[in-house]
Amino acid sequence: MGVLVTASSQGIGLNVARELLKRNARVVISSRSEENLKRAAEELSSYGEVHYVRADLKEKGDLEKLVKEAWELLDGVDALVWNAGNVRCEPCLPHEATYMDWLEAALLHLVAPGYLTTLLVQTWLERKRKGVLVYLSSSSVLEPMPPLLLADATRAGLVQLAKGVSRVYGRKGIRAYTVLLGSFDTPGARENLRAIAEEREEPFEAVWEREVLGRTPLHRTGRWEELGSLVAFLLSGEAEYLLGSTILIDGAMTRAVNL
């Protein structure tokens, strides 16, 4: 299976790409940074067939180039695993956000995955191929985290996108899912928590304990093999009847009931 994983030179995207390679997928990774991509591709190359395409997810031309080049590199894209980094102002509250901050959040968390969906679905329909879309989002869509409200508000639309795509195109073998992630130990997560700790004049370790580890009875972050196994399952034919579903993987940290 040929899989395109976005924002995958580090953090969640990189680790998902690694887990899929371990499970014999062929993968294209992407990032804005050519340097980071080269480093990530070299790291991942020992696990299987990996390629990279530089792309800024906020640029229309880059999204089009990403799909075109990924298709050529993989001889067809069977699946997209959508991932995105942080809005640059975060952690920030609405009264601190500018118009450009909101525009960046919308471009990054809704417009870009929506347009990639359009491009891939068009191609799959034209070529009469099946395809799978997995949108990685956050459990904070269910229980908002105010310092990340710009991202929470804009990426909430991915749940509707996955359900709608599945209802319209499911009979043609095109499936979509949304995965709501709890806490995973990434540089981005630590950077956000470090900024919050500095603002509150608290030790980073205390904030990490309270805001991350203390929120789940497991008292740990998610493991990459757990997320990798879930994504691999959703990409497989065994998850067909789950099409359109929203899956929560958060160690019970979210108090809301996900129906």
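Scan the range 217-259 residue by residue and report those that are in contact with a Phe, Trp or Tyr (Cβ under 6 Å, 6 or more places away or on another chain) and either aliphatic (A, V, I, L, M) or at positive phi (or both).
Leu234, Ala239 - these are the residues of the range 217-259 that are in contact with a Phe, Trp or Tyr (Cβ under 6 Å, 6 or more places away or on another chain) and either aliphatic (A, V, I, L, M) or at positive phi (or both).
Looking at the range 209-222 only, could you name the residues that are surrounded by 13 or more Cβ atoms within 10 Å (Cβ to Cβ) and either under 22 Å from the mean Cα position of the chain (by Cα) or hydroxyl-bearing (Ser, Thr, Tyr) (or both)?
Scanning the range 209-222 gives Glu211, Val212, Leu213, Arg215, Thr216, Thr221, Gly222.
Residue-wise test of (1) in contact with a Cys (Cβ under 6 Å, 6 or more places away or on another chain); (2) more than 17 Å from Tyr135 (Cα to Cα); (3) part of a helix (DSSP H, G or I); (4) open to solvent by 10 Å² or more (accessible area, probe 1.4 Å).
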residue	(1), (2), (3), (4)
Ser30	no, no, no, no
Leu37	no, yes, yes, no
Leu80	no, no, no, no
Gly85	no, no, no, yes
Arg88	no, yes, no, yes
Pro91	no, yes, no, yes
Met100	no, yes, yes, yes
Glu104	no, yes, yes, yes
Pro113	no, no, yes, no
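Can you tell me how many residues within the range 156-192 are assigned to a helix (DSSP H, G or I), within 19 Å of Gln10 (Cβ to Cβ) and of a type in the set (D, E, K, R)?
Going through the range 156-192 one residue at a time, the tally reaches 2.
In the range 44-62, what residues are open to solvent by 30 Å² or more (accessible area, probe 1.4 Å), touching a helix residue (DSSP H, G or I) at 6+ places or on another chain (Cβ under 8 Å) and assigned to a helix (DSSP H, G or I)?
Correct list: Tyr47, Lys60.
The values are calculated or read from the model by the stated rules, or taken from the named source; none is laboratory data. For clarity, every value in this text was computed on a predicted model and none was experimentally measured. FYI the Cβ positions are ideal-geometry reconstructions off the backbone, even for glycines, and counts take in every protein chain you see. Just so you know, the surface numbers come from the protein's heavy atoms only, side chains and all, with ligands and any DNA or RNA stripped out. Shrake-Rupley method; radii C 1.70, N 1.55, O 1.52, S 1.80 Å.
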